[in-house]
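For reference, the structure discussed in these notes is given below.
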Amino acid sequence: MNPIPVVGDAPPLTNLPPLTIRLAAPRGFCAGVDRAVKMVERALDKFGAPIYVRHEIVHNRFVVDSLAARGVVFVKELDEVPANGRVIFSAHGVPKKVPLDAAERQLMFFDATCPLVSKVHRGVEKYHSEGRHVVLIGHAGHPEVIGTMGQLPEGSISLIETAADVASLHFPADLPLAYATQTTLSVDETHAIIAALKTRFPHIAEPLKEDICYATTNRQLAVKTLAAGCDGFWVIGAPNSSNSMRLVEVAQLAGCPKAQLVQRASEIDWEWLAGVGVLGLSAGASAPEVLIDEVLAAARQRFAVMMEEVTVVEETVEFHLPAALRR
């Protein structure tokens with residue numbers, strides 16, 4: 001789809017140096033992140049503090065700190081939640097034993113796993129029920145990968161991260177195989193890994209619809225569309241956010257080698273913009289729009305900013321809250 005530029009008013013006459021900012025759309029919060037954050041906020045409204053959250057609800061320090069200021073307590077494991085505590089599982093998903101342990105302890109718990117991550121969980125369970133060994137494409141140690149691998153008995157899933165890893169896979173010739181992927185990977189890189197898998201294992205089963213989520217795909221497409229026409233590119237997000245880090249890589253591969261991750265305006269090294277006349281700007285799926293607004297406001301204090309928003313696709317996806325948390 002051709003980008004639809006929306007150009008703002010020209011900046012007033014000023015002695016500030018000019019800077020054109022090309023703002024990618026879609027950007028920022030996806031439906032799964034929005035649902036998870038709202039679940040925590042509704043739980044606070046309904047039950048009051050403290051509300052416990054296992055791991056970061058989403059990978060963004062601003063979001064986590066804002067919720068902590070309201071009385072949310074983030075924990076690593078359930079044994080840190082007191083008896084009768086109320087706990088929410090993060091949007092990345094959890095191993096199957098986590099809700100079982102919560103039920104055994106009689107904790108009130110809510111699962112904020114993104115429905116698209118839950119789809120991957122159901123997929124690997126289906127493969128396992130068919131007697132297939134699962135090859136999971138993802139980043140070792142990422143909470144989503146830990147959650148997906150935790151849906152099946154140990155040894156039922158093999159994790160690979162790159163196309164080169166395919167050569168290290170060794171299975172009995174008669175073992176049925178299937179693959180699944182983390183939802184926040186680089187679209188292009190993942191396609192290359194899948195191609196390598198299919199070449200080596202021609203009969204490997206695949207998802208009916210790819211596991212990389214719509215939000216990851218759309219944000220990468222938007223960045224790819226903008227990057228070649230930019231002198232520099234900023235992605236607002238967290239260093240532990242897979243989808244945000246992939247956006248930086250996409251910008252670089254699409255023709256803008258001067259690209260970096262920015263957590264928020266207060267951490268920006270403005271000298272980095274030396275020689276940049278056109279700046280691309282996007283945000284990972286766990287970064288709220290307020291962080292974009294902060295960066296734009298800070299840029300306007302230093303530059304005569306000309307804004308251009310480039311929309312490559314409209315998003316209408318919405319995930320409903322659990323009935324127990326609806327108003």
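Values quoted throughout were computed directly from the atomic coordinates according to the rules given, and no laboratory measurement underlies them. A quick note: this is a predicted structure, and the numbers were derived from the prediction, not measured. Glycine also receives a Cβ, built like all others from the backbone with ideal geometry; neighbour counts cover every protein chain displayed.
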List the relative contact order of the chain as a percent without decimals, with contacts defined as Cα pairs under 8 Å and 6+ residues apart. 29
Expressed as an acute angle from 0 to 90° and rounded to the nearest 10, what is the orientation of the C-alpha long axis of helix 31-47 relative to the principal long axis of the chain? 80
To the nearest 0.05, the calculated FRET efficiency linking K38 and S168 through their beta-carbon distance, R0 being 45 Å, is 0.60
Taking Cα atoms, how many degrees apart are the long axis of helix 242-253 and the longest axis of the chain, rounded to 10 and kept between 0 and 90? 50
Contact order normalised by length for the stretch 17-175, with contacts defined as Cα pairs under 8 Å and 6 or more residues apart; what percent is it? 19
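Given the pairs K76/K198; K46/K126; K46/K96; K126/K198; K38/K76, which span a C-alpha to C-alpha distance of over 31 angstrom in this model?
Values: K76/K198 37 Å; K46/K126 36 Å; K46/K96 27 Å; K126/K198 20 Å; K38/K76 21 Å.
In this structure, K76/K198; K46/K126 exceed 31 Å between Cα atoms.
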Binning at 5 Å from 0, report for the stretch 116-212 what percent of all alpha-carbon pair distances ends up in each bin. 3, 14, 29, 28, 21, 7, 0
Tilt relative to the chain, helix 187-200 - C-alpha long axis, 0 to 90 degrees, to 10: 40
Under 19 Å between alpha carbons, and skipping anything fewer than 8 positions from K258 in its own chain: which lysines qualify? K224
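Where does the chain land at 222 nm, in deg cm²/dmol rounded to the nearest 500, when only DSSP H runs of n ≥ 4 count, each adding -39500 (n - 2.57), divided by all residues?
The helix contribution divided over the chain gives -10500 deg cm²/dmol.
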Expressed in µm² per second, the diffusion coefficient of the stretch 31-113 from the Stokes-Einstein equation, with Rh the Kirkwood radius over alpha carbon pairs, at 25 °C and 0.890 mPa s, is 197
The percentage of Cα-Cα pairs in the chain separated by more than 27 Å is 49
How would you order 139-145, 93-99 from highest to lowest mean count of nearby Cβ atoms within 10 Å? 93-99, 139-145
Full extension between R327 and K76 adds, at 0.36 nm per residue less the Cα distance, a length in nm of 87.5 nm
quick note, the chain, DSSP beta bridge pairs, % antiparallel (nearest 5) is 10
